[in-house]
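Please read the structure below before turning to the comments.
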Amino acid sequence: MQSRDAANDSAEYYNRAGAAELMRRLSDETLLMQGPMGSMLMSEPGAEDIPPAFWNLAEPQTVRRIHQLYEAAGAQVLLTNTFQASAPALERDGIAPSAAEVNRAAVDNARAAHGEVVVGSIGPCGIEWMREDSPEFRAARAAYREQATALLTAGVDAVMLETFCSIRDLQPALAGAMDAAWGMPIMVSFAINEDGELLGDGLTIEGAHAVGVNCCSIAAADAAVPRLVRAARTPVMVRPNAGLPLRAEDGSLAWHEELLSFANACIRWREEGAHLVGACCGATPRTTAAMSDALL
């Protein structure tokens, strides 16, 4: 485990001014987050099987271009291309550079788009564990701590633990992120089903005390937002996906974007009290632009 002195040294580089400004804005504004990176990268010609984190160092210009498209479409909050950039995920995907290198490159790529806010994405690391006192739990916690530290040291305004399917899955992630945060904002977003239940354990949103949902349908998000607003003591986030992908004639994956549905939905979410809105897998800058126009 990282020593307290070493962790404190890393924390000296954290973007505390950016974090304070983000939390201030989330207290009284509805901010628009960019759409997905993974499905956008998978839609690049011949790239369906390339892990998204690979692009951060191998093809940074492509990652920067996508961030720039989202920023130009009206996104106020950019999300780093690091959903699967923990050390276990990088090892699984055969990506040789360290988690620190990959995550720093991802933050640099997002910052190059000159967005107002940059949030560091952290997804499930893939380590299975049975007990909190087990070596597996400690390894998962350490992996999340390492990634959160890399993102925060590189200058993100906050970290987001996203697309977690159960409270249990979140435990080592939240513990690891809190080890690294030293007061920086930690956002949490769960994947839910149509009934508003967490996919992994069937708990309700209220039982989870979640601050956000993502990778669900617009209908599920519509049902979730008022419940979240009533239950959460923190800003509420909502980012549904664009449904299941279809395979185009050339073999590439494509999603059907319902621009008007997303545009109308984000107005409802704002009226119901959501403070961070956006779109998840399958959406593109076109969806972001439609939502931006609707929120004006």
Close pairs from region 264-287: first more than 20 Å from residue 188 (Cβ to Cβ) and outside any loop (DSSP other than H, G, I, E, B), partner open to solvent by 10 Å² or more (accessible area, probe 1.4 Å) and among the acidic types (Asp, Glu), Cβ under 8 Å, at least 6 apart | 265/222; 268/222; 286/257; 287/257
Scan region 24-37 for residues that are at pLDDT 95 or above and open to solvent by 20 Å² or more (accessible area, probe 1.4 Å) and jot them down.
-> 24, 25, 29, 30
What pairs come up if the first residue lies in region 177-198 and is touching a residue at least 40 places away in the same chain (Cβ under 8 Å), the second is of a type in the set (Lys, Arg) and open to solvent by 10 Å² or more (accessible area, probe 1.4 Å), and their beta carbons are under 6 Å apart, counting only those six or more places apart or on different chains?
-> 179/145; 180/145
Within region 45-94, which residues are in contact (Cβ under 8 Å) with a residue 12 or more places away in the chain, of a type in the set (S, T, N, Q) and in a helix (DSSP H, G or I)?
-> 56, 62, 68
State whether the residues of region 278-286 include one that is buried (at least 23 other Cβ atoms within 10 Å of the Cβ), farther than 18 Å from residue 192 by Cβ and of a type in the set (Val, Ile, Thr).
-> no
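Find the residue count for region 238-277, including only residues that are within 19 Å of residue 40 (Cβ to Cβ), open to solvent by 70 Å² or more (accessible area, probe 1.4 Å) and among the basic types (Lys, Arg). Outline the logic, then answer.
So the first thing to find is which residues in region 238-277 are within 19 Å of residue 40 (Cβ to Cβ), and the list is 239-248, 250-259, 262, 277.
Imposing the further condition that a residue be open to solvent by 70 Å² or more (accessible area, probe 1.4 Å) reduces the set to 244, 246-247, 250, 256, 258.
So of that shortlist, the ones also among the basic types (Lys, Arg) come out as 247.
The number of residues fulfilling the criteria is 1.
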From 173, 148, 180, residue being within 14 Å of the chain's Cα centre (by Cα), part of a helix (DSSP H, G or I) and more than 24 Å from residue 274 (Cβ to Cβ) | 148
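The values are calculated or read from the model by the stated rules, or taken from the named source; none is laboratory data. Because the structure is predicted, anything quoted here is derived from the model rather than measured. Please note: Cβ atoms are built from the backbone with ideal geometry, for glycine as well, and neighbour counts cover all protein chains shown. For the accessible areas, the whole protein counts, side chains as well, though only heavy atoms, and no ligand, DNA or RNA atoms are used. Shrake-Rupley method; radii C 1.70, N 1.55, O 1.52, S 1.80 Å.
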